[in-house]
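Everything below concerns the one structure shown next.
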């Protein structure tokens, strides 16, 4: 059964109205037909089965059965230095599939800005489309919140007040991620954040600033992982070992 994304504000009673882009996707990409049943999700845990009505270029969905919102479990926040090329797009896709609740793209000293983008809004919109596509494919009813690109200092200042913040560290004497997970396992942790640096890692000054702000350095083992690999390793480990769904 095809899956369609419609934001909650466009659900009204027993009807849901897709955006023009989603209507085009339903008709011309999925090639769904009038009277066909589809699955809807709103990105906040709610799903429904709906009947598709296509007439004279308009698309409307009649909700047949509504599922109550599912529990998300542990909130995992990925604070990720923006990666080069299409690696950031790929990471957004995979992080969505793995169930992160928020992705905070950050600008660090070793992040190379590309082109002109008014406040990063174009990147943010593209990443949101990628997340929607990933959610449709993997079956999750949840979408991550994707922040606009922001300075590392601002992101950390906001993150440390909401729970533990781990940072992947290559230098110094960090604890293993497994040991840190064991430390938090007995506690009722509802949210945990992980900071991953860019290609070439964070600078020593950036790492020192994170530690001074209260972030906890962790190691992912003896191998030096690519930034996107490190992010997915950390997300998977945290989700597997700390989720209580």
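Taking segment 18-36, which residues are surrounded by 15 or more Cβ atoms within 10 Å (Cβ to Cβ) and over 25 Å from residue 99 (Cα atoms)? First the steps, then the outcome.
Within segment 18-36, the subset surrounded by 15 or more Cβ atoms within 10 Å (Cβ to Cβ) is 18, 22-23, 25-27, 30, 32, 36.
Across segment 18-36, the qualifying residues are 23, 27, 32, 36.
Is there any pair with a first residue in segment 176-200 that is over 20 Å from residue 83 (Cβ atoms) and a second that is at pLDDT below 90 and outside any loop (DSSP other than H, G, I, E, B) whose Cβ atoms are under 6 Å apart and which are 6 or more apart or on different chains, and what are they?
181/241; 191/162
Please report, ordered by residue number, the strands (runs of 3 or more DSSP E) entirely within segment 151-245 with at least 2 residues that are farther than 22 Å from residue 97 by Cβ, touching a strand residue (DSSP E or B) at 6+ places or on another chain (Cβ under 8 Å) and modelled with pLDDT of 90 or more.
165-168, 216-219
Could you list, ordered by first residue, the pairs with Cβ atoms under 8 Å in which the first is in segment 201-222 and on the phi > 0 side of the Ramachandran plot and the second is at pLDDT below 90, at least 6 apart or interchain?
201/110; 201/170; 214/160
For residues in segment 49-104 being closer than 19 Å to residue 242 by Cβ and modelled with pLDDT under 90, which is surrounded by the most Cβ atoms within 10 Å (Cβ to Cβ)?
Top of the filtered list is 74.
Mind counting the residues in segment 96-109 that are touching a strand residue (DSSP E or B) at 6+ places or on another chain (Cβ under 7 Å), more than 15 Å from residue 145 (Cβ to Cβ) and either not assigned by TED's automatic domain parsing to the domain that holds residue 207 or not in a strand (DSSP E or B) (or both)?
1
Considering each of 37, 58 in turn, give the residue that is farther than 30 Å from residue 238 by Cβ and in contact with a strand residue (DSSP E or B) (Cβ under 8 Å, 6 or more places away or on another chain).
37
Checking the condition closer than 30 Å to residue 232 by Cβ, outside any strand (DSSP E or B) and under 14 Å from the mean Cα position of the chain (by Cα), which residue from 93, 71 passes?
Working: 71 fails: under 14 Å from the mean Cα position of the chain (by Cα).
Step by step, each of 93, 71 is checked, and only 93 is closer than 30 Å to residue 232 by Cβ, outside any strand (DSSP E or B) and under 14 Å from the mean Cα position of the chain (by Cα).
The values are calculated or read from the model by the stated rules, or taken from the named source; none is laboratory data. What you are looking at is a predicted structure, and each value in this text was computed from that prediction instead of being measured. Don't worry about glycine lacking a Cβ; one is built from the backbone with ideal geometry, like all the others, and counts go over all protein chains shown.
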